[in-house]
């Protein structure tokens, strides 16, 4: 079954094409990336999370500069959703859009994967403001700078959890099935059950205080485990955030090669050393517990050897490394960079699997966050099927 792992990896690298003449085209391919804080730095905010045949999500690029070269397509055939490769069916897939995405709640909360609630507290980034932002990032896209108030975020989460119809959705192929009556379609309605909350933002001053205030407000209305993506923090800050409700955290290294870090993530590299990230991971593991700390590292922006070395350093802290393929985005500095190839990604994922096992990590025990979501990296597929 390792063909599923490789297929998901290839989809993350290459994305898919949709025929613009299909009735469902605009449900999959937006006219532009979402602004006002709804777009993310890379994978999560720039694709669609298809649910593949084995019931795991895959965030596939649908609006990127390189997609015309992708061998993959999505098409509804005989009332079933399929991903095709060079015109041949390779795996069934569907897309589900919750009703709240059509309401103002989507300004604060988006669905990630198949059951994670995610919020970008702000699209402001101090690095972007000073001209040394990460070159793959589009978090500041759009003309509006947004800072979401903690009570607004908590209120939207509360409404979504308490109102099942806000969480209602349909499989895309059912919505476009001409053989189904409205009554029959309603019988196929699915209700998303949120399992965790992901909090992130651009690089901010006083980030621990901002996250802490939001977490405190969420804790008043929700019992869902909370995950944060953040830069290096002092041990006391992590302890304080944990006391307020943070269950899991990711300190995203992005790249390991010091030279490439200065070129690709100049602001981050200038402000925080590799050791600062690794120290935060170690402290967070002590405070949050085993398998509750992680770190994204990008495939394709440094040599595979350096990425593998970074994976090992992350794992040695007790944190779960999360290697994901770099995705070129419109308007990013690296818009014209190439995504990684399958061969390099497969090699890196084999090393990841070996390293995770050697270090005694169990990503399946993550309470919240990207390791649990599984949309942007074939984590569960690697553990179940191998490479």
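The values are calculated or read from the model by the stated rules, or taken from the named source; none is laboratory data. If you're wondering where the values come from, they're calculated on a predicted model, not measured in any experiment. All Cβ positions, glycine included, derive from the backbone under ideal geometry; neighbour counts span all protein chains shown.
The residue of segment 157-205 that is nearest to residue 221 (Cα to Cα), among those that are touching a strand residue (DSSP E or B) at 6+ places or on another chain (Cβ under 8 Å) and free of Cβ contacts under 8 Å to residues at least 60 places away in the same chain, is 164. Would you call residue 158 surrounded by fewer than 23 Cβ atoms within 10 Å (Cβ to Cβ), modelled with pLDDT of 95 or more and out of contact with any helix residue (DSSP H, G or I) (no Cβ under 6 Å at 6 or more places or on another chain)? For residue 158, the condition - surrounded by fewer than 23 Cβ atoms within 10 Å (Cβ to Cβ), modelled with pLDDT of 95 or more and out of contact with any helix residue (DSSP H, G or I) (no Cβ under 6 Å at 6 or more places or on another chain) - is not met. Once segment 225-242 is narrowed to residues that are within 18 Å of the chain's Cα centre (by Cα) and assigned to a loop (DSSP other than H, G, I, E, B), the residue that is nearest to residue 159 (Cα to Cα) is 225. Restricting 99, 124 to those that are at pLDDT 95 or above and farther than 30 Å from residue 5 by Cα reduces the list to 99.
Regarding segment 273-281, can at least one residue be identified that is surrounded by 23 or more Cβ atoms within 10 Å (Cβ to Cβ) and in contact with a strand residue (DSSP E or B) (Cβ under 6 Å, 6 or more places away or on another chain)? Checked against the condition, which is being surrounded by 23 or more Cβ atoms within 10 Å (Cβ to Cβ) and in contact with a strand residue (DSSP E or B) (Cβ under 6 Å, 6 or more places away or on another chain), segment 273-281 yields at least one hit. Going through (1) over 27 Å from residue 51 (Cβ atoms); (2) in a loop (DSSP other than H, G, I, E, B); (3) in contact (Cβ under 8 Å) with a residue 24 or more places away in the chain one by one, residue 360 falls short only on (3). Within segment 282-307, residues that are on the phi > 0 side of the Ramachandran plot have Cβ atoms under 7 Å from residues that are in a strand (DSSP E or B) in these pairs: 291/320; 300/325, counting only partners at least 6 apart in sequence or on another chain.
Within segment 282-298, if we keep just the residues that are under 16 Å from residue 313 (Cβ atoms) and touching a helix residue (DSSP H, G or I) at 6+ places or on another chain (Cβ under 6 Å), the residue that is surrounded by the most Cβ atoms within 10 Å (Cβ to Cβ) turns out to be 284. Just a yes or no: is a residue in segment 111-134 without any contact (Cβ under 8 Å) to a residue 24 or more places away in the chain and at negative phi? Yes: one or more hits.
Annotation note: of 218, 246, 226, 265, the sole residue that is over 15 Å from residue 294 (Cβ atoms), crowded, with 21+ Cβ neighbours inside 10 Å and in contact with a strand residue (DSSP E or B) (Cβ under 6 Å, 6 or more places away or on another chain) is 265.
Looking across segment 349-376, the residues that are closer than 25 Å to residue 228 by Cα, buried (at least 19 other Cβ atoms within 10 Å of the Cβ) and touching a helix residue (DSSP H, G or I) at 6+ places or on another chain (Cβ under 7 Å) come down to 349, 352, 356, 361, 363, 366, 371, 374, 376. Count of segment 243-260 residues, restricted to those that are within 22 Å of the chain's Cα centre (by Cα) and under 30 Å from residue 158 (Cα atoms), is 8.
Of all the numbered requirements in (1) touching a helix residue (DSSP H, G or I) at 6+ places or on another chain (Cβ under 9 Å); (2) surrounded by 18 or more Cβ atoms within 10 Å (Cβ to Cβ); (3) modelled with pLDDT under 95, residue 42 misses one, and that requirement is (1).
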